[in-house]
Amino acid sequence: MKLVIQRVARAEVRVGGSRVASSGPGLLILVGVGVDDRPEEPTKLAEKAYQLRIFEDGEGKMNLSLADVGGEVVVVPQFTLYGDTSRGRRPSWIRAAPPDVAEERVEEFAEALASLGARVHRGAFREHMEVELVNDGPVTLVLEGRGP
């Protein structure tokens, strides 16, 4: 799995002009699922994302996690994180997991975050989404699972 984690002041996802998810301060997490991902990755990466100390404390240092600040999370499925552009100009999606597997793993990730105490909102799977966010910082990190 690959995650792009962005600390946000707010985030919103729309499908066909209708809002399907929105949040206040917290995280927007783009989630890509690869063909070689291990079944335990959604839970492990959810724990890591939830505990990342990327929120500022009273002294302005990044010492607080989502768990500490009680922020919200918007989880957005993003198969294009597995786009391979090493050859030619058209990305190959061969390393992305099939949609049925990816959907299950993204949901497992969202459920794992919720079980830790996060307020989770979800983008739409297999839909064209408009994602709007206000970066806070900006703070952006990429996390990857171990794969095979």
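The test for being among the acidic types (Asp, Glu), open to solvent by 50 Å² or more (accessible area, probe 1.4 Å), in contact with a helix residue (DSSP H, G or I) (Cβ under 6 Å, 6 or more places away or on another chain) and not in a loop (DSSP other than H, G, I, E, B) does not hold for Glu104. Scanning the range 55-99 for residues that are under 26 Å from Gly34 (Cα atoms) and among the aliphatic types (A, V, I, L, M) yields Leu66, Val73, Val74, Val75, Val76, Leu81, Ile94, Ala96, Ala97.
Screening the range 25-36 for residues that are touching a Lys or Arg at 6+ places or on another chain (Cβ under 7 Å) and open to solvent by less than 20 Å² (accessible area, probe 1.4 Å) and picking the one that is farthest from Val134 (Cα to Cα) gives Gly34.
With the condition kept exactly as written, say whether any residue in the range 111-120 is modelled with pLDDT under 95, assigned to a loop (DSSP other than H, G, I, E, B) and more than 16 Å from Ile5 (Cβ to Cβ). Among the residues of the range 111-120, not one is modelled with pLDDT under 95, assigned to a loop (DSSP other than H, G, I, E, B) and more than 16 Å from Ile5 (Cβ to Cβ), which makes the answer no.
Within the range 107-128, which residues are over 14 Å from the mean Cα position of the chain (by Cα) and surrounded by 15 or more Cβ atoms within 10 Å (Cβ to Cβ)?
Result: Leu116, single match.
If we scan the range 127-148, do we find a residue that is part of a helix (DSSP H, G or I), touching a residue at least 24 places away in the same chain (Cβ under 8 Å) and out of contact with any Lys or Arg (no Cβ under 9 Å at 6 or more places or on another chain)? No, the conditions are met nowhere in the range 127-148.
Restricted to the range 59-69, and to residues there that are free of Cβ contacts under 8 Å to residues at least 24 places away in the same chain and open to solvent by 90 Å² or more (accessible area, probe 1.4 Å), the residue that is farthest from Leu116 (Cα to Cα) is Glu59. Selection of the range 70-101 for residues being acidic (Asp, Glu) and surrounded by 15 or more Cβ atoms within 10 Å (Cβ to Cβ) yields only Glu72. Those strands (runs of 3 or more DSSP E) of the range 1-65 in which 3 or more residues are under 14 Å from the mean Cα position of the chain (by Cα) and β-branched (Val, Ile, Thr) occupy 2-15. Entry remark, the range 69-108: residues being among the basic types (Lys, Arg) and under 19 Å from Glu47 (Cβ atoms) number 1 in total. Being farther than 22 Å from Gly137 by Cβ and open to solvent by less than 50 Å² (accessible area, probe 1.4 Å) is a condition met by at least one residue of the range 39-51.
The values are calculated or read from the model by the stated rules, or taken from the named source; none is laboratory data. Everything quoted here is computed from the prediction, not taken from an experiment. Ideal geometry is used to build each Cβ from the backbone, glycine not excepted, and the neighbour counts take in all protein chains shown. Surface accessibility is based on the protein's heavy atoms, side chains included, excluding ligands, DNA and RNA. Shrake-Rupley method; radii C 1.70, N 1.55, O 1.52, S 1.80 Å.
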